[in-house]
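For reference, the structure is listed below as structure tokens.
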Ligand SMILES: CC(C)(COP(=O)(O)OP(=O)(O)OC[C@H]1O[C@@H](n2cnc3c(N)ncnc32)[C@H](O)[C@@H]1OP(=O)(O)O)[C@@H](O)C(=O)NCCC(=O)NCCS
């Protein structure tokens, strides 16, 4: 299969925070942001694989900054690494200042999607070739994140998580 770049899967969703999407502090409800990130990640995974894709795991979410009612929120998703049938999607969330128009990073998340056929059976996806420094950094770290996710899900023995173990071994 022909390799693709992360840029080819780039997906940008921009939307407002409306009153029905907020918590009692008038900030964006966490579950609403998770849903927006899932949608953007799903489109990125589909653009990379051109197959049906399903969310296999939400590996990491950091709600670093509250997002107030009325904010313009941009969710940017890209495939950071593909494996056999699974893809890691890295998501950056930006909030736009109303007056200056400047964007600041509010949150980030990492999701895993799997490409499947019409019966739900996993199918192979194209390899990926990162281009920028950030894409290369995210690509490099993706294997240990996959191993951590599989260990936590009880699908891999900790002893087999070689990349993950290497993190804890002093050099
Ligand atoms: C995701 C799903 C297709 C995986 O099926 P499976 O029978 O576990 O298949 P496999 O064991 O062959 O795993 C397929 C791939 O997913 C990866 N995977 C499975 N669980 C994972 C997890 N928790 N974290 C990271 N990767 C995972 C495997 O490592 C494998 O990757 P690879 O092919 O790139 O090496 C299956 O569990 C499923 O359909 N889940 C429901 C998905 C869904 O409905 N999502 C929406 C939730 S409402």
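The values are calculated or read from the model by the stated rules, or taken from the named source; none is laboratory data. Bear in mind that the values here come from a model prediction, so they are computed numbers and not experimental data. Cβ coordinates were reconstructed from backbone atoms using ideal geometry, including for glycine residues, and neighbour counts include every protein chain displayed.
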Within the bounds of the stretch 113-125, is there any residue that is assigned to a strand (DSSP E or B) and within 30 Å of residue 23 (Cβ to Cβ)? yes
Of the conditions (1) closer than 19 Å to residue 92 by Cα; (2) touching a helix residue (DSSP H, G or I) at 6+ places or on another chain (Cβ under 9 Å), residue 68 satisfies every one except a single condition; which number is it? (2)
Looking only at residues that are outside any strand (DSSP E or B) and within 11 Å of the ligand (Cβ to nearest atom) in the stretch 74-107, which one is surrounded by the most Cβ atoms within 10 Å (Cβ to Cβ)? 85
Selection count, the stretch 34-73, where residues are away from the ligand (no atom under 16 Å from the Cβ), at pLDDT 95 or above, part of a strand (DSSP E or B) and surrounded by fewer than 18 Cβ atoms within 10 Å (Cβ to Cβ): 1
Pairs with Cβ under 6 Å, 6+ apart, first in the stretch 151-171 and closer than 14 Å to residue 59 by Cβ, second within 15 Å of the ligand (Cβ to nearest atom) and not in a helix (DSSP H, G or I): 151/161
Is there a residue in the stretch 141-151 that is surrounded by 18 or more Cβ atoms within 10 Å (Cβ to Cβ) and away from the ligand (no atom under 13 Å from the Cβ)? no
Do you know which residues across the stretch 13-33 are buried (at least 17 other Cβ atoms within 10 Å of the Cβ) and part of a helix (DSSP H, G or I)? 21, 32, 33
